[in-house]
1. With B:245, B:226, B:207 as the choices, which residue is closer than 27 Å to residue B:31 by Cα and within 14 Å of chain A (Cβ to nearest Cβ)?
2. When the residues of segment B:289-311 are filtered to those that are free of Cβ contacts under 8 Å to residues at least 40 places away in the same chain and assigned to a helix (DSSP H, G or I), which remaining residue is surrounded by the most Cβ atoms within 10 Å (Cβ to Cβ)?
3. Since residue B:77 meets every condition but one in (1) at pLDDT 90 or above; (2) farther than 22 Å from residue B:168 by Cβ; (3) surrounded by fewer than 16 Cβ atoms within 10 Å (Cβ to Cβ), which condition does it not meet?
4. Scan segment A:32-57 residue by residue and report those that are touching a helix residue (DSSP H, G or I) at 6+ places or on another chain (Cβ under 7 Å), surrounded by fewer than 20 Cβ atoms within 10 Å (Cβ to Cβ) and more than 9 Å from chain B (Cβ to nearest Cβ).
5. Go through A:23, A:74 for me and flag whichever is within 23 Å of residue B:166 (Cβ to Cβ), surrounded by fewer than 20 Cβ atoms within 10 Å (Cβ to Cβ) and either more than 18 Å from the chain's Cα centre (by Cα) or at the interface with chain B (Cβ under 9 Å from one of its Cβ atoms) (or both).
6. Is segment B:165-175 home to any residue that is surrounded by fewer than 22 Cβ atoms within 10 Å (Cβ to Cβ), touching a strand residue (DSSP E or B) at 6+ places or on another chain (Cβ under 6 Å), within 14 Å of chain A (Cβ to nearest Cβ) and within 25 Å of residue B:78 (Cα to Cα)?
7. Does residue B:10 meet the test of being buried (at least 18 other Cβ atoms within 10 Å of the Cβ) and outside any helix (DSSP H, G or I)?
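The values are calculated or read from the model by the stated rules, or taken from the named source; none is laboratory data. For clarity, every value in this text was computed on a predicted model and none was experimentally measured. Using ideal geometry, Cβ is built from the backbone for each residue, glycine included, and neighbour counts are taken over all protein chains shown.
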């Protein structure tokens, strides 16, 4: 049974795997993970990090609004964010544009800030 | 409100919740048994749906299906409720807990505070059991965790009303009535038969046919979408196959455990023989995952790597095709 010191070890969590014992009977064995899975997971996390970094650059360059950055940070996409804030995705897409973003009302900004778990000031004050 | 609830860890959340809820009522059905009777083994390829920037692969049927089929086949009455109002959802949960009934919940994973950060994705078909409330905190038995945990009212409301694909909408369920007796043999046979039919279905996105389609696409991807994306897609395949919940090898080992248990119970040596074959198929799936991970590790590229992976998946599909054809004749 593979025991890899990956992300599960951090929170002292095991997962259960099924394996055959020496008599050929099935039993369950706790596992700390497997290198193969850790690699696949890391690949996917790297991709998320890359997207966050790319969005951050675009926000600083004035191509996107901070909403885009926090959306990526929360591992969301436009339809998902739209359903969390309760605004149609067509509008959410427009709010990703910096000029549109600057015209947003306090009330709308608060909706976004609540979903991201931050304050309105954090959302509007440039970047993080 | 103190319900004596026995928390037992399981590989997969849905089977674990079923098995634990039934165990609480004195019906002892193991996780593999619940999985087998509920026809949990599956393979589906959804190239037109993008999950986490990769096509959808799944080694299991739609969430909730395993439970639904198991309940039907054993004659267990399960009450399901969904809500549009979070307040009402909370009120019903509190009421059931006050009556001493442990309640199963469908929740979103992303806001679960006790999960490791790496596993917090927007996935909405996780299951857990709430078995009590103490000082404003809910007592949680999450079957994939080693130990029981707690969530505050706000945290639980948040995960119950997570948004996105398959929103839980506060979905809760509990056992209503249990049959006085049930025919386990009939249920097992029905479960096995359906799994065979699913896996051998003449539909390109399901079962063995879907594996073949994926195998064909693996060959094409490097040229059509580039190496980087191909690797990401393959990574998604590995995560679906091996991530928390499958018990390893894309549920193949759980299924082998089920066949062994069923073979012993029904006194059918053919099923025990099939169980051994399933184990070796599971091992082959693990080898497949291992070979995919080598691409990341050695940064090895070149189309022959993908050719080999494609062949490997094709041979797995062929093996499973023969396996399920034989299994179908055994029951």
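1. Numbers: B:226 fails: closer than 27 Å to residue B:31 by Cα; B:207 fails: within 14 Å of chain A (Cβ to nearest Cβ).
It is B:245.
2. B:305
3. (2)
4. A:32, A:52, A:56
5. A:74
6. Within segment B:165-175, not a single residue is surrounded by fewer than 22 Cβ atoms within 10 Å (Cβ to Cβ), touching a strand residue (DSSP E or B) at 6+ places or on another chain (Cβ under 6 Å), within 14 Å of chain A (Cβ to nearest Cβ) and within 25 Å of residue B:78 (Cα to Cα).
7. Yes; evaluated as a whole, the condition is true for this residue.
Residue-by-condition table, conditions (1) assigned by TED's automatic domain parsing to the domain that holds residue B:31; (2) over 20 Å from residue B:135 (Cβ atoms):
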| position | (1), (2) |
| --- | --- |
| B:70 | no, yes |
| B:81 | yes, yes |
| B:86 | yes, yes |
| B:90 | yes, no |
